[in-house]
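Worksheet: the structure to be examined is printed underneath.
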Amino acid sequence: MHPQFIHACIFDLDGVLVNTAHYHFLSWKQITLGWNVPFTEHDNELLKGLSREDSLSRLLQITGKQLNAAEREHILQEKNKLFQQYLEQMTPDDVLPGVHDFLIFLKNNNIHLAVASSSKNARIVLQKTELTKWFEVIIDGTQIKKAKPDPEVFLKAAHELGIAPLHTVVFEDAKAGVEAARTGGFYCVGVGDPTMLSQAHQVIPDFTSISFDDWWQSLSDSSTQVVH
Ligand code: B16
Ligand code: MG
């Protein structure tokens, strides 16, 4: 992909634009403490990007815990209550470092911007962190039938922007999200740990550790690479 062919960037929300990925972990952690079973940040990597329901299914697999349908429903509500308590305290300071500067860089290059998140809380998060104004299109967990790793959320965002996946870069911090982006035919930049995100075309640690101009140029090489 050559930079001149990029017309849009689509951002995952939790873990890419804001630090809510950690709040999801803390909420699930509190649930598992109640069950008296171990659950680590490493286990949590497998839940990232999945819908709330799919996250619970994966959590049950990991911990070996069994729940009936009513208990499942109760836990889903409890987890969301815990998560929403963290959201209450969110401010623009929760935007991850380098994000604002990167959005300015993209706008200066006339790139269209969208958010594509599995979260049903995405709009509250964007509002609390004052990020809403940056994005022409926002697709969240309430607008899709199939969550990541299905590409629906990204395809819907690209469709609403009116730009083909071929001309769009997706930024993702989750394995399931990288898979979704690649299945949808997008160029995918992983944000975080290269060992977890090895299926991405490129992996960057975060938005503070790259030169935006160098990154822009690096898109010319479409083979998998890690940008330090
Ligand atoms: P909610 P993203 C995802 O958001 C999170 O990564 C994932 O951990 C969470 O389970 C999912 O949203 C659902 O969130 O419970 O708020 O509906 O990374 O796709 O922006
Ligand atoms: Mg994420």
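One residue is enough: does segment 56-72 have a residue meeting the conditions under 19 Å from A122 (Cβ atoms) and either open to solvent by less than 80 Å² (accessible area, probe 1.4 Å) or over 22 Å from the mean Cα position of the chain (by Cα) (or both)?
Here is the first cut: in segment 56-72, the ones under 19 Å from A122 (Cβ atoms) are 56.
Restricting the remaining residues to those that are either open to solvent by less than 80 Å² (accessible area, probe 1.4 Å) or over 22 Å from the mean Cα position of the chain (by Cα) (or both) gives 56.
Looking through segment 56-72, at least one residue is under 19 Å from A122 (Cβ atoms) and either open to solvent by less than 80 Å² (accessible area, probe 1.4 Å) or over 22 Å from the mean Cα position of the chain (by Cα) (or both).
Considering segment 126-146 alone, what residues qualify as being buried (at least 18 other Cβ atoms within 10 Å of the Cβ) and in contact with a helix residue (DSSP H, G or I) (Cβ under 6 Å, 6 or more places away or on another chain)?
Once the filter is applied, which keeps residues that are buried (at least 18 other Cβ atoms within 10 Å of the Cβ) and in contact with a helix residue (DSSP H, G or I) (Cβ under 6 Å, 6 or more places away or on another chain), segment 126-146 yields L126, T129, W134, V137, I139, D140, I144.
In this structure, is V191 modelled with pLDDT of 95 or more and among the β-branched types (V, I, T)?
So V191 fits the description; yes.
If you go through segment 162-177, how many residues are of a type outside the set (A, V, I, L, M, F, W, C), within 11 Å of ligand 1 (Cβ to nearest atom) and open to solvent by 10 Å² or more (accessible area, probe 1.4 Å)?
Qualifying residue count for the region: 2.
Within segment 155-169, can one find any residue that is within 24 Å of R58 (Cα to Cα), at pLDDT 95 or above and assigned by TED's automatic domain parsing to the domain that holds D14? Explain how you work it out, then say what you get.
In the first step, residues of segment 155-169 are kept if they are within 24 Å of R58 (Cα to Cα); the result is none.
No: segment 155-169 contains no residue that is within 24 Å of R58 (Cα to Cα), at pLDDT 95 or above and assigned by TED's automatic domain parsing to the domain that holds D14.
What tally of residues in segment 73-95 results from selecting those that are buried (at least 17 other Cβ atoms within 10 Å of the Cβ) and not in a helix (DSSP H, G or I)?
The number of residues fulfilling the criteria is 2.
Do any residues in segment 177-198 that are in a helix (DSSP H, G or I) have Cβ atoms under 6 Å from those of residues that are open to solvent by less than 30 Å² (accessible area, probe 1.4 Å) and more than 14 Å from ligand 1 (Cβ to nearest atom), where the two are at least six apart or on different chains, and which pairs are they?
V178/A200
Take the residues in segment 42-66 that are among the aliphatic types (A, V, I, L, M) and at pLDDT 95 or above, then tell me which one is farthest from ligand 2 (Cβ to nearest atom).
L60
Considering only residues that are basic (K, R) and touching a residue at least 24 places away in the same chain (Cβ under 8 Å), look in segment 108-134 and name the one that is nearest to S51 (Cα to Cα).
K120
In segment 7-41, how many are touching a residue at least 40 places away in the same chain (Cβ under 8 Å), among the aliphatic types (A, V, I, L, M), away from ligand 2 (no atom under 11 Å from the Cβ) and open to solvent by 10 Å² or more (accessible area, probe 1.4 Å)? Quick ask: steps written out before the conclusion?
Step one: of segment 7-41, the residues touching a residue at least 40 places away in the same chain (Cβ under 8 Å) are 7-21, 23-24, 26-28, 30-31.
The next check asks that each one be among the aliphatic types (A, V, I, L, M); those that pass are 8, 10, 13, 16-18, 21, 26, 31.
Still in the running and away from ligand 2 (no atom under 11 Å from the Cβ): 8, 10, 26, 31.
Now drop any that are not open to solvent by 10 Å² or more (accessible area, probe 1.4 Å), which leaves 26, 31.
Qualifying residue count for the region: 2.
Based on what the data block shows, is D101 touching a residue at least 60 places away in the same chain (Cβ under 8 Å), charged (D, E, K, R), assigned by TED's automatic domain parsing to the domain that holds V153 and within 11 Å of ligand 1 (Cβ to nearest atom)?
Details: touching a residue at least 60 places away in the same chain (Cβ under 8 Å): yes; charged (D, E, K, R): yes; assigned by TED's automatic domain parsing to the domain that holds V153: yes; within 11 Å of ligand 1 (Cβ to nearest atom): no.
Against the criterion (touching a residue at least 60 places away in the same chain (Cβ under 8 Å), charged (D, E, K, R), assigned by TED's automatic domain parsing to the domain that holds V153 and within 11 Å of ligand 1 (Cβ to nearest atom)), D101 does not qualify.
Look at segment 103-117 and say how many of its residues are outside any helix (DSSP H, G or I) and open to solvent by 30 Å² or more (accessible area, probe 1.4 Å).
Matching residues across segment 103-117 total 3.
Against the condition closer than 17 Å to A174 by Cα and among the β-branched types (V, I, T), how does V18 come out, does it pass? Steps first, please.
Values: closer than 17 Å to A174 by Cα: yes; among the β-branched types (V, I, T): yes.
Here the answer is yes, as V18 does meet what is asked.
The values are calculated or read from the model by the stated rules, or taken from the named source; none is laboratory data. Every value quoted in this text rests on a predicted model; they were computed, and no experiment measured them. Reconstructed Cβ throughout: ideal geometry from the backbone, glycine too, with neighbour counts over all protein chains shown. Ligands, DNA and RNA are excluded from the accessible area calculation, which covers all protein heavy atoms including side chains. Shrake-Rupley method; radii C 1.70, N 1.55, O 1.52, S 1.80 Å.
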